[in-house]
1. Would you order 71, 35 from fewest to most other beta-carbon atoms within 10 Å of each residue's own beta-carbon?
2. Could you list 50, 105, 84 so that the one with the fewest beta carbons within 10 Å of its beta carbon is first and the one with the most is last?
3. Report the gain in length on full extension from residue 101 to residue 78: 0.36 nm times residue separation, minus Cα-Cα distance, nm rounded to one decimal.
4. For the stretch 18-111, I need the span (max minus min coordinate) of the C-alpha atoms along each principal axis, in Å, sorted largest to smallest.
5. Fewest first, what order do 45, 28 take by the number of other Cβ atoms within 10 Å?
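Each value in this text was obtained by applying a stated rule to the coordinates, not by laboratory testing. Only a predicted model underlies this, so the values are computations on that prediction, with no experimental measurement involved. Every residue, glycine among them, receives a Cβ derived from its backbone with ideal geometry; neighbour counts consider all protein chains shown.
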């Protein structure tokens, strides 16, 4: 018991000495999520409802997971979302979002233009 506590203390001191202070600095990250409307493929079964916000819901779930872990490391995350309807310009929406953050997740078909 005493030996394991001593080993833990030695490891903690080694980490504090060897790990640069910059790794522990506060980090804030803004992530953009851009959903581009696309026609839905035919469903195999009408028993399973198709959620309208499936992409947004996944992004929000990932954000909550990152916030939970990040609070221990002094990291904060923010999610900004936008949607482009059919017939609207997806490139203009992407440029606008890239003006706010360099980190952009795009939910779109393979070919959108």
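1. 71, 35
2. 50, 105, 84
3. Stretched out fully, the residue 101 to residue 78 stretch lengthens by 7.3 nm.
4. In descending order, the Cα extents are 56, 34, 18 Å.
5. On the way: 45 5, 28 10.
Lowest to highest Cβ neighbour count: 45, 28.
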